[in-house]
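Report on the following structure.
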Amino acid sequence: MIDRTAVTAALDAVVDPKSGQGLVAAGLVQGLMVGEDRAGFVMEVPAGETAIYAPVRDAAEAALKAISGMARVSVVLTAETAPAAAPRRTAGLSKAATDQGRAKAPVPTERPAHVKRVLAVASGKGGVGKSTVAVNLAAALAAKGLSVGVLDADVYGPSLPTMLGVSGQPAYVDGAIVPHVAHGLKAMSVGLLTKADDAMIWRGPMASQAITQMLTQTRWGTEDAPLDVLVVDLPPGTGDVQLTLIQKTPLDGAVIVSTPQEVALADARRAHTLFQRVNVPTLGLIENMSGPVFGQGGAEAEAARLGVAFLGDLPLDAALRQAGDAGQPLVSAEPNGEVAARFAAVAARVAESLGL
């Protein structure tokens, strides 16, 4: 077991070039995690000073790797954004009215290398089974003969390692993260960089930096064998992580997962509004947990109101949950079952919309 005192001592031996203090004493070590054979932390520095601190990050990594028994090290360098001065309060139009006239967000240009299509799976509300749908949809796309990757962008509640039965820090080779491969899917998640019971006590910029690194520094494909589609499992809501992803890479489309009842559909509308405002096409809605418990037909009616496609409904099925807990998508575990057939139909519609 790595001794936390040894870790802090090693980091304090690395000097902050601005204060002359050790990294811990200078307050540059945030979210320090020490495990049985690993350690990691976030180094947040003022905006515009990442170039100054890049060698410091490298020195910190080297210091941690030199500790006896240390097998895995993760040091994330991120820049904080200076808070804007509070504007003087004046009378004016309402925010809703102002938003109608805002210019659209600029079109991002940084697609992950050797990735043909990027698909976001979103929901406005948590607890609707979005991650389960994302993983099984990815498996259904792979069953069509496509090469598929899955990025778990929910840094605060990563579930991909459990649902795909993968663990352990991925390798870092020739300047890129090598994703795990499970059930025919290339997989990357912040949950693979931390212990299962670690809490991600990160502010927005830290979470956004982690997403950017996993998105752009993972070897999803190669020039000879590009990835057909990268499925990104977004966290619920419309916050920093969603905006970071949209700003960093062109999304070819998004699917929105909702349960049939109004309390979930209201948040699905907000997710659709977000994608509209940033010029990302909503490929359609998926109704999850359809049946007598939560109702049926709500997402289909909502899709009609929003003017988007209804991609299909998925029943509230215990087997779907059991397969996820066992680390195997139900689409892979029971490829000839009813649930797999429903996901296959959804995957066919999605693939057609993406031109795959």
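The values are calculated or read from the model by the stated rules, or taken from the named source; none is laboratory data. Here the structure is a predicted model, which means the values were calculated and not measured. Neighbour counts are summed over all protein chains in view; Cβ atoms, including those assigned to glycine, are modelled from backbone coordinates with ideal geometry. To get the accessible areas, we keep the full protein, side chains included, count just its heavy atoms, and leave off ligands, DNA and RNA. Shrake-Rupley method; radii C 1.70, N 1.55, O 1.52, S 1.80 Å.
The sole residue among Ser353, Ser332 that is within 11 Å of Asn136 (Cβ to Cβ), touching a residue at least 40 places away in the same chain (Cβ under 8 Å) and surrounded by 15 or more Cβ atoms within 10 Å (Cβ to Cβ) is Ser332. Across the stretch 212-229, the qualifying residues are those that are in a helix (DSSP H, G or I) and in contact (Cβ under 8 Å) with a residue 60 or more places away in the chain, and the one among them that is farthest from Ala351 (Cα to Cα) is Gln213.
What do you reckon, is Pro250 touching a Lys or Arg at 6+ places or on another chain (Cβ under 8 Å), in a loop (DSSP other than H, G, I, E, B) and touching a residue at least 40 places away in the same chain (Cβ under 8 Å)? Against the criterion (touching a Lys or Arg at 6+ places or on another chain (Cβ under 8 Å), in a loop (DSSP other than H, G, I, E, B) and touching a residue at least 40 places away in the same chain (Cβ under 8 Å)), Pro250 qualifies.
All conditions but one from (1) among the hydrophobic types (A, V, I, L, M, F, W, C); (2) surrounded by fewer than 17 Cβ atoms within 10 Å (Cβ to Cβ); (3) at pLDDT 75 or above apply to Ile201; the one that does not is (3).
The residues on offer are Arg305, Arg321, Arg270, Arg342, and the sole one that is modelled with pLDDT of 90 or more, open to solvent by 70 Å² or more (accessible area, probe 1.4 Å) and in a helix (DSSP H, G or I) is Arg342.
Inside the stretch 120-151, residues that are at pLDDT 95 or above and in contact with an Asp or Glu (Cβ under 6 Å, 6 or more places away or on another chain) make up a count of 2.
Report, by residue number, each residue of the stretch 5-23 that is among the β-branched types (Val, Ile, Thr) and over 20 Å from Ala51 (Cα atoms). Matches in the stretch 5-23: Thr5, Val7, Thr8.
From the list Pro170, Pro236, pick out the single residue that is modelled with pLDDT of 80 or more, part of a loop (DSSP other than H, G, I, E, B) and farther than 20 Å from Ala139 by Cα. It is Pro170.
Is at least one residue of the stretch 68-87 farther than 23 Å from Ser189 by Cα and either modelled with pLDDT of 85 or more or open to solvent by less than 70 Å² (accessible area, probe 1.4 Å) (or both)? Yes, there is a match, as at least one residue in the stretch 68-87 is farther than 23 Å from Ser189 by Cα and either modelled with pLDDT of 85 or more or open to solvent by less than 70 Å² (accessible area, probe 1.4 Å) (or both). Of everything in the stretch 146-157 that is surrounded by fewer than 23 Cβ atoms within 10 Å (Cβ to Cβ) and in contact with a strand residue (DSSP E or B) (Cβ under 7 Å, 6 or more places away or on another chain), the residue that is nearest to Thr249 (Cα to Cα) is Ser147. Taken over the stretch 114-145, the criterion of being out of contact with any Lys or Arg (no Cβ under 9 Å at 6 or more places or on another chain), touching a residue at least 40 places away in the same chain (Cβ under 8 Å), farther than 27 Å from Pro260 by Cα and open to solvent by 20 Å² or more (accessible area, probe 1.4 Å) is satisfied by Lys116, Arg117, Ala142, Ala143, Lys144. Between Ala51, Ala10, Ala47, the distinction of being small (Gly, Ala, Ser) and modelled with pLDDT of 85 or more belongs to Ala10 only. Of note, Arg117 satisfies the criterion of being in a strand (DSSP E or B), of a type in the set (Lys, Arg) and at pLDDT 80 or above.
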